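Q: Pasting a structure here, questions to come.
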Amino acid sequence: MSQKNETTILALALLLTVGIVGGGFWWFTSNGVKIGNSIIPNQEPGSNPSLQDRMSFGEKSFTSGDISPVKKEGVQAIAAKSYDKAIAKFTAALKLNRNDPEALIFLNNARIGSSKSYTIVASVPFGTDPNVSLEILRGIAQAQNQVNSSGGVKGVPLRVGIANDDDNPEIAKQIASSLVSNSEVLGVVGPNTSDSTLAAGTIYTSGQLVAISPTSTSVKISNFSRYVFRTVPSDFMAARSLANYMVKTLQKKNAVVYFNSQSNYSQSLKSEFVSSVSLEGGQVSSEFDLSKADFSAAKRVEQATKQGAEVLMLAANTATLDKALQVIQINQKRLTLLGGDDVYTVKTLEIGRDQAAGMVVAVPWHIDGDPKSDFPQKSRQLWGGDVSWRSALSYDATVALIAALERNPTRSGVQQALTSSDFSTSGASGTIRFLPSGDRNAPVQLVKIVPGSRSRTGYDFEPVR
């Protein structure tokens, strides 16, 4: 490839990245209202909010850039403990935008008012990844709305708090300390990334407060703590599925892996993939670190080609997704593409486009993966659009906490219920039960990027049958 062509492709990728970051995607984020374009964290750029500013049960919104006047009035009303007014305002706000999980959570909290409730908190990265936060909150809000609409947890409603941890391990630890010291909090959904879960998990363990992450996949979380669980399969499962697909289905034996050495998730997925490919009879000839300052997509793709690689495996995390998308552009569909679940995003569809078509990604769940499940229909009725795997697994984490609270609504009771050999409940992605390691023994779903209209990008992720 000429230097000129390489420069043109990289410039295009950069331009698209700058222009489309945070763009709206109805499949994941809206029902026609472009939430993704307008979400602004609840703080000024460069500021460092206090811990109090990072927590809300309705008295502040983390989606200030998208907040309607009527939703703002609802936030003010709940802060003033004017619960009837807050109920009216949040109800009106949801009629304007039914796809706002924060408004639905606040509405249900306003309905509880000052009555007795059981409290859980979502630890999500609103300040750095608002779209992912909304995906996670959709699952939590749906579970809260469902249990409270049917009478609560044995007659007691579920209150949900939101904590903005910015996907920062140190902030996640501070939030964990705050939640541990609040005796009303009986469980946590989150954090989002493996790094934050491992960091905050030490605090949750010492404070004996259960945290269930719906999105942290690092193998380091297995057997990490008796108080840290997850509803998402570990990277071992994803890597094994991708390696099997590569060697058995694609009949390809030689791969290279792109990863971020600074990310627990990325390192975990990379290492598990290398091992799984070897067990399948293939090999990984090179590992390229996306986090290096001198990383060159063009040079690394050229090196992979010279080494006889047939497959490019993108084990990128959110922080290195832009560099992975450069690899996709440079590759020009010459070598087969595989990816981990962090590549499953609208950004990949919008920027990768035809160059990403055919790429196979391992995800924990897809809305069309199980025709027998009633969750897809219920979530579509509630949100007016399809939800992502993050919503489904967050729903499962919340449902698991609700089932544990039904057994014994105390911190120790929740932990004992989840670790009990007879614990089982039904979720979006099938039966939920936990292994002694804190893991959930569940399969992953392989999806492929294909031309389609559902996402409104011209491309969709569809299950590999």
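Q: Run the dipole for the chain about the Cα centre, Lys and Arg Cβ at +1, Asp and Glu Cβ at -1, nothing else charged, and hand back the magnitude in debye, nearest 20.
A: The dipole magnitude comes to about 660 debye.
Q: Percent of Cα-Cα pairs per 10 Å bin, from 0 to the last occupied bin, for the stretch 123-281, please list those.
A: Calculated P(r), rounded to whole percents: 11, 33, 31, 17, 7, 1.
Q: Let me ask something else. For a test of the definition: using alpha carbon positions, the gyration tensor, and the 1.5 limit on a/c, classify the stretch 65-155 as rounded, prolate or oblate.
A: Here the stretch 65-155 falls in the oblate category.
Q: Now for a different question. With every protein chain present, what accessible area does ASP53 have (1.4 Å probe, heavy atoms only), rounded to the nearest 10 Å²?
A: My reading of the accessible area for ASP53 is about 80 Å².
Q: For the chain, list log₁₀ I(q)/I(0) at each q in 0.06, 0.08, 0.13 Å⁻¹, using the Debye formula over Cα point scatterers of equal strength and ignoring solvent, two decimals each.
A: -0.25, -0.44, -1.17
Q: Can I ask one more? Starting from the Cα gyration tensor of the stretch 238-290, take the square roots of the eigenvalues, sort them a ≥ b ≥ c, and report rounded, prolate or oblate (rounded when a/c is under 1.5, otherwise prolate if a/b is larger than b/c, else oblate).
A: prolate
Q: Put +1 on the Cβ of each Lys and Arg and -1 on the Cβ of each Asp and Glu in the stretch 409-465; which of TYR459, PHE434, ILE449 then has its Cα farthest toward the positive end of the dipole?
A: Of the options given, the answer is TYR459.
Q: Would you mind getting the accessible area per residue of the chain, heavy atoms of the protein chains only, 1.4 Å probe, in Å²?
A: 39 Å²
Q: Using +1 on the beta carbon of Lys and Arg, -1 on that of Asp and Glu, and nothing else charged, what's the dipole of the stretch 318-419 about the Cα centre, debye to 20? Could the numbers behind the result be given before it?
A: Working: 11 positive and 11 negative charges, 26 e Å.
Dipole of the stretch 318-419, to the nearest 20 debye: 120 debye.
Q: In degrees from 0 to 90, rounded to the nearest 10, what is the angle of the helix 130-149 Cα long axis to the longest principal axis of the chain?
A: With rounding to tens, the tilt is 40 degrees.
Q: Among TYR204, PHE423, MET359, whose Cα projects farthest towards the positive end of the dipole of the chain, with charges put on the beta-carbon of Lys, Arg (+1) and Asp, Glu (-1)?
A: The listed residue farthest towards the positive side: PHE423.
Q: Expressed as an acute angle from 0 to 90° and rounded to the nearest 10, what is the orientation of the C-alpha long axis of helix 69-79 relative to the principal long axis of the chain?
A: Once rounded, the angle reads 60 degrees.
Q: Using Cα centres only, tell me the gap between the stretch 308-336 and the stretch 101-118 in whole Å.
A: 44 Å
Q: By how many nm would the segment from SER412 to LYS306 lengthen if fully extended, with 0.36 nm per residue of separation less the alpha-carbon distance?
A: 32.5 nm
Q: Right, another one. Please give the direction-averaged projected area of the C-alpha convex hull for the stretch 170-260, in square nanometres with one decimal.
A: Directional mean of the projected Cα hull area for the stretch 170-260 stands at 6.7 nm².
Q: Ok, one more. What is the magnitude of the charge dipole of the stretch 253-379 about its Cα centre, with +1 placed on the Cβ of each Lys and Arg, -1 on the Cβ of each Asp and Glu, and no other charges, expressed in debye to the nearest 20?
A: The dipole of the stretch 253-379 has a size of about 320 debye.
Q: Further question: If you line up the long axis of helix 101-112 against the longest principal axis of the chain, both from Cα atoms, how many degrees apart are they, to the nearest 10?
A: Approximately 20 degrees, to the nearest 10.
Q: On alpha carbon coordinates alone, what is the Rg over Rh value for the stretch 168-207, Rh being the Kirkwood radius?
A: For the stretch 168-207, the value is 0.93.
Q: Jot down the radius of gyration and Dmax of the stretch 302-378, Cα atoms only, both in angstrom.
A: Final numbers for Rg and Dmax: 14.5, 50 Å.
Q: In addition: Identify, among PHE236, SER261, SER213, the residue whose Cα sits farthest towards the positive end of the charge dipole of the stretch 207-262, taking +1 on the Cβ of Lys and Arg and -1 on the Cβ of Asp and Glu, with the dipole about the Cα centre.
A: After comparing all options, I get PHE236.
Q: Tell me, what HN-Hα J-couplings in whole Hz come from the Karplus equation 6.51 cos²θ - 1.76 cosθ + 1.60 at θ = phi - 60° for each residue of the stretch 265-273, using x for Gly and Pro?
A: 4, 5, 4, 4, 5, 4, 4, 5, 5
Q: If you don't mind, another one. Apply 1/(1 + (r/R0)^6) to the Cβ-Cβ distance of THR249 and ASP294, taking R0 = 30 Å, and write down the FRET efficiency to the nearest 0.05. If you can, show how the numbers build up before the last one.
A: Numbers: r = 35 Å, r/R0 = 1.17.
Rounded to the nearest 0.05, the efficiency is 0.30.
Q: Quick one: what do you get for the stretch 360-460 if you divide its Cα Rg by 2.2 N^0.38 Å?
A: On the way: Rg = 15.9 Å, N = 101, 2.2 N^0.38 = 12.7 Å.
This ratio for the stretch 360-460 stands at 1.25.
Q: Shifting gears a bit: Taking the alpha-carbon distance from LYS253 and a cut-off under 20 Å, which aspartates and glutamates remain once sequence neighbours fewer than 8 residues away in the same chain are dropped?
A: Here the aspartates and glutamates satisfying the reach criterion relative to LYS253 are GLU272, GLU280, GLU287, GLU302, GLU310.
Q: Say the cut-off is 19 Å between C-alpha atoms; which of LYS72/LYS347; LYS95/LYS372; LYS347/LYS372; LYS292/LYS323; LYS72/LYS378; LYS248/LYS448 go over it?
A: The pairs that break the limit, which is 19 Å between Cα atoms, are LYS72/LYS347; LYS95/LYS372; LYS347/LYS372; LYS72/LYS378.
Q: Moving to a separate point now. Just want to confirm a number: the relative contact order over the chain, from Cα pairs under 8 angstrom separated by 6+ residues, in percent.
A: Details: 982 pairs, mean separation 74.5, N = 465.
16 percent.
Q: Right, something else. With only alpha-carbon pairs counted, each pair once and no self-pairs, how large is the Kirkwood hydrodynamic radius of the stretch 217-317 in angstroms?
A: Roughly 14.1 Å, rounded to one decimal.
Q: Would you mind listing how long the stretch 392-450 runs along its three principal axes, going by Cα atoms, in whole Å with the largest first?
A: 47, 20, 15
Q: In addition: How many nm separate the modelled label positions at THR202 and SER278, each set 7 Å beyond the Cα in the direction of the Cβ?
A: Modelled inter-label distance: 2.9 nm.
Q: I've got another one for you. Per the 1.4 Å probe, what fraction of the accessible area of the chain, in percent, lies on carbon and sulfur atoms?
A: 48 percent
The values are calculated or read from the model by the stated rules, or taken from the named source; none is laboratory data. Being a predicted model, the structure only gives us computed values, none of them experimental. Positions of Cβ are generated from backbone atoms using ideal geometry, with glycine treated the same way; all protein chains shown enter the neighbour counts. These area figures cover heavy atoms from the full protein model, side chains too; ligands, DNA and RNA do not enter into them. Shrake-Rupley method; radii C 1.70, N 1.55, O 1.52, S 1.80 Å.
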